[in-house]
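*Asks:* I have a structure here, written as structure tokens, and I will follow up with some questions on it.
The values are calculated or read from the model by the stated rules, or taken from the named source; none is laboratory data. For clarity, every value in this text was computed on a predicted model and none was experimentally measured. Here the Cβ is made from the backbone with ideal geometry for all residues, glycine too, and neighbour counts use every protein chain on show.
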Amino acid sequence: MSIIERAIERIELLRRAGVEGGEVPASPHPSAAEGHPEGTGFQTATEAGQSVAAKMPPDVPASSRSAIADAQVSPAADSRSSFIELDLARLQSLGLVVPSEPRSRIAEEFRVIKRPVLANAHGKGAAPVDNGNLIMVTSSVPGEGKSFNSINLAMSIAMELDNRVLLVDADVARPSILNLLGIPPAKGLMDVLLDQNVGLSDVLLRTNIDKLSILPAGMPHKNATELLASAAMKSMLVELAHRYSDRIIVFDSPPLMVTTEAPVLAHSMGQIILVVEAGRTAKSMVEQALTKIRNCPVKMLVLNKARYARNDGYYGYYGYGYGYGAGGTAADDAMGKTA
């Protein structure tokens, strides 16, 4: 049943109870569909149901009153996201950040990496960042560990008290997030962009990590680049960036040097993390990759697969760090490191 059909059915139920259309309270905030907490100025599902019941005539039986209130906040209408159970023991064995091991070495490393990311996302960085909560993780070429870093960054942010995370597999040509997490293929981003009847809440995957949701890449499509550059995608990104103040969206992007999708996606991002494989990626390759994202306000580099460590948790790499604006005014002459 479509959203419009559910709305019509809901209105009909209310009319039968004697509640006029003009008295129907506003629908619950869409965050209810994604398990999002209250506090954004909209009614919660419970409040909406109670409001409907309060406006019913006194002669409506209690059973009907309850049924109609339930129709207003029906889980079928407002909570269509699927739930998946992540095997946390398996993820830990793969070297990923998991909530059960908050003091592991990898967890500590991503604490260092996420701090400037969260500061920029919440407007507490060196300068204001538009769409600061839209973070793209990419690399110059395949195999440098961008998906590993995307997952770990999302996991680490999900362990924060005040942030929720949506991990988006935007590598639509070679998606790997679901496979790494041990999840079977599912509809996702491409399906939302291709089919107007498919909404975000239809394809979002809620997880047993309370503050982590996943948006799969969905079905591959020959016009993936055009879809990522479409008005529908731009509209989705605006909605994701501004709908929830505490939501951080991490995009696992294709590599910059081998696809056209990544530079297209980069235009809408507030922050970009470029993963660089230690001992493999040439300086010239990093420089070329950086030119493709030069207009992004914040660019950070993460050195991956490093075999040495410093006590402060940071590495210098070719003198690059992260900066603001096309000129790249350095905010820090360092980059995060992962093992």
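*Asks:* Within segment 247-282, how many residues are farther than 19 Å from Val129 by Cα and either in contact with a strand residue (DSSP E or B) (Cβ under 9 Å, 6 or more places away or on another chain) or aromatic (Phe, Trp, Tyr) (or both)?
*Replies:* The total comes to 12.
*Asks:* Next question, about the same structure. Can you tell me which residue within segment 63-116, out of those that are in contact with a helix residue (DSSP H, G or I) (Cβ under 7 Å, 6 or more places away or on another chain) and among the β-branched types (Val, Ile, Thr), is modelled with the lowest pLDDT?
*Replies:* Selected residue: Val73.
*Asks:* What number of residues within segment 129-152 satisfy the criterion of being crowded, with 24+ Cβ neighbours inside 10 Å and farther than 24 Å from Thr260 by Cα?
*Replies:* Number of matching residues: 1.
*Asks:* Every residue in segment 174-191 that is assigned to a helix (DSSP H, G or I) and within 12 Å of Ala217 (Cβ to Cβ), please.
*Replies:* Ile177, Leu178, Asn179, Leu189, Met190, Asp191, listed by residue number.
*Asks:* Need at least 2 residues that are surrounded by fewer than 16 Cβ atoms within 10 Å (Cβ to Cβ), touching a residue at least 24 places away in the same chain (Cβ under 8 Å) and not acidic (Asp, Glu) per element, so show me which strands (runs of 3 or more DSSP E) inside segment 192-272 make the cut, counting only ones lying wholly within it.
*Replies:* Per the criteria, no element qualifies.
*Asks:* Another question, then. Can you name every residue in segment 204-229 that is of a type in the set (Ser, Thr, Tyr) and farther than 18 Å from Met136 by Cβ?
*Replies:* Listed by number, the list holds a single entry, Thr207.
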